[in-house]
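What follows draws every value from the coordinates through simple rules; no lab data is involved. All values reported here derive from a predicted model rather than from experimental measurement. Ideal geometry is used to build each Cβ from the backbone, glycine not excepted, and the neighbour counts take in all protein chains shown.
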Amino acid sequence: MYKQVLDPVGNSLFVSALFALIPLATLFVLLGGLKLKAHVAALISLAVSILVAIIVYSMPAGQALDAALEGMAFGLFPIMWIVWNAIWIYKMTEDTGHFAVLRRSISAISDDQRIQAVIIAFAFGALLEALAGFGTPVAITAVMLVAVGFQPIKAASVALVANTAPVAFGAIAIPIVTLAGLTEIPKDDLGAMVGRQTPFLALFVPLILVGMVDGMRGIRAVWPAAMVGGISFAIGQFACSNYVSVELTDIVASLLSIGSMVAFLRIWSPEEPLAGEEGRFGRPAIAGASVHDVAHEDAVRRREGTGRDSRGDIFAAYAPYLIIIVVFAIAQWGPVKDFLAKGESDFSWPGLNILNAKGEAPTAATYKFNWLPAAGTLLLICGLLTMAVLRVSPARALNAYGRMISQLKWATVTVAAVLGLAYVMNLSAQTLTIGSWIAGVGGVLAFFSPIIGWLGTAVTGSDTSSNSLFGVLQASAAKKAGLDPTLLAAANSSGGVLGKMISPQNLAIGAAAVGLGGKEGDLFRKVVGWSILLLLIMCVLVYLQSTAVLSWMVP
């Protein structure tokens, strides 16, 4: 039996927190400072976290290793299971030439890369976040941006920064639902409070994306379109979360943003569009194709853009994403959702015998093998439907899957190692030590509250996991400090969304999606500044909401 201890050093939570921070510091120094490859940095940091758990926290070595194994299993399923199938769908559309058709179709809405970044990464990415989450938007929108001519490193960094404002309501508001269940604060109250925080991010993020693409010149050129996309999303997110449905918030906001931008671009366009280059994923031959293969010739025609794209080709190009939307939407329908839930199996991870300070087993010790309702399984179904619509033979689909696995092999190692690190830190109480230390700042807790959520997401790659780790801590600390528990619990989720772009898990997903495995450190340096800047904005907002200045915003 191992009982978690928040202050293993004894009478010095600060010193204990310094020890607990060692694995994270190791990870970010190796990744961002020494520029080691992500899988190497993650494996070393995992080893460090195990040593800290054993030496400082007196966690039995066997249990520390078991915690790492559970985390690695979670990294493979459900996390990489999502990414594998998302990239597989992309591979099939690229092989058949339909992604080139999609690129030309989106360019017809606007051939300006700055606007494409907002439409694809921000608005469409938010729709994917609403339906799937867990890295799916980064994986899909990054390859879409490359397809319309973005440089791979820029495509991945833009996709990561764009995946912020919708995250708290992602996967049909799973982070909010989880937070409500743990804190016993009504879901609608938490959703309403988050809906009065994250819309402010939506006002800034489109402008940041434009600036990432083309600097201040780009902002001056296309700020009207960026503001239309951001403001319409913010209004949709606020209105739906407060007055309609927490679960439907991102769906409504993303569709409103896309529709508003398309309508606006019919009456306005930038004076000097910023055009991109041809997509850089190359033009691989279809497996088993010969020069006289009709499917091969059609793929070449679509890829080269010889002649005008037919309505059928355009429909087929959008079909995989329409399929994703429809399948995930149907999966949330009551009877279907109940049926899928039958394919879920929860069990205590073998070898783990852990109690928290309350004498209860931590939720992380239970492994959820939800093989049927998992987002990755739904994406697999989408891939099979995509095969039928695009007329991809089983042999060619298997070839695409094999190439995808080869492309993602190091990213898979990285994600497994990072989740192993997260589980060791969580189950040994290292993460709780850090959160408890930050929560002890007293009256200015409201300012630091988003930082706790940011840290949790940076470690785990999931706002849901961050809420699971620190939601109760935030609510309890708020009561002790005389603050509103709803405000601080919501701040955990709102701050958490800003840690997602620097999470090694998501950095690995973004890099692998655009063929830059091993360049995660470069990505980290490109996005970490934006993560910190937006976090400071959120800290100031939450602090003001805890004072008379903006207390009227708390429901």
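Which value in Å does the Kirkwood hydrodynamic radius of the range 106-215 take, with 1/r averaged over all unlike C-alpha pairs and then inverted?
Mean inverse Cα-Cα distance, inverted, gives 14.4 Å.
Nearest 20 debye, what's the magnitude of the dipole of the chain about its Cα centre given +1 on Lys and Arg Cβ and -1 on Asp and Glu Cβ?
600
Put a dot 7 Å past each Cα toward the Cβ at Ser393 and Gln332; how far apart are the dots in nm?
3.9
So if each residue of separation counts as 0.36 nm, and I subtract the Cα-Cα distance between Ala357 and Ser269, what length gain in nm does that give?
Fully extending the segment from Ala357 to Ser269 adds 25.8 nm.
Multiplying the sequence separation of Ala108 and Leu203 by 0.36 nm and subtracting their Cα-Cα distance, what value in nm do you get?
So the chain would gain 31.7 nm between Ala108 and Leu203.
Would you calculate the separation in nanometres between label points at Leu384 and Phe315, each defined as 7 Å from the Cα along the Cα-to-beta-carbon direction?
2.4
Roughly how many nanometres apart are two label points built 7 Å out from the Cα toward the Cβ at Ser58 and Ala239?
Between Ser58 and Ala239, the label points sit 5.8 nm apart.
How much length is gained on full extension from Gln151 to Leu372, taking 0.36 nm per residue of separation minus their Cα-Cα distance?
Here the answer is 75.9 nm.
First check a/c for the range 67-131, with a ≥ b ≥ c the square roots of the eigenvalues of its C-alpha gyration tensor; if it is under 1.5, answer rounded, and if not, answer prolate when a/b is larger than b/c or oblate otherwise.
Because a/c hits 1.5 or more and a/b fails to exceed b/c, the range 67-131 counts as oblate.
Please say if the chain is rounded, prolate or oblate, where rounded means a/c under 1.5 for a ≥ b ≥ c the square roots of the C-alpha gyration tensor eigenvalues, and otherwise the choice is prolate for a/b larger than b/c and oblate otherwise?
Prolate shape, in that a/c is at least 1.5 and a/b is the bigger ratio.
Looking at the square roots a ≥ b ≥ c of the eigenvalues of the Cα gyration tensor of the range 149-191, which shape do they give, rounded for a/c under 1.5, prolate if a/b is larger than b/c, or oblate?
Details: a/c = 4.75, a/b = 4.36, b/c = 1.09.
Since a/c reaches 1.5 and a/b is larger than b/c, the shape of the range 149-191 is classed as prolate.
What number, rounded to the nearest 500 deg cm²/dmol, is the helix-based mean residue ellipticity at 222 nm of the chain, given -39500 (n - 2.57) per DSSP H run of at least four residues and division by all its residues?
Theoretical 222 nm ellipticity from helices: -22000 deg cm²/dmol.
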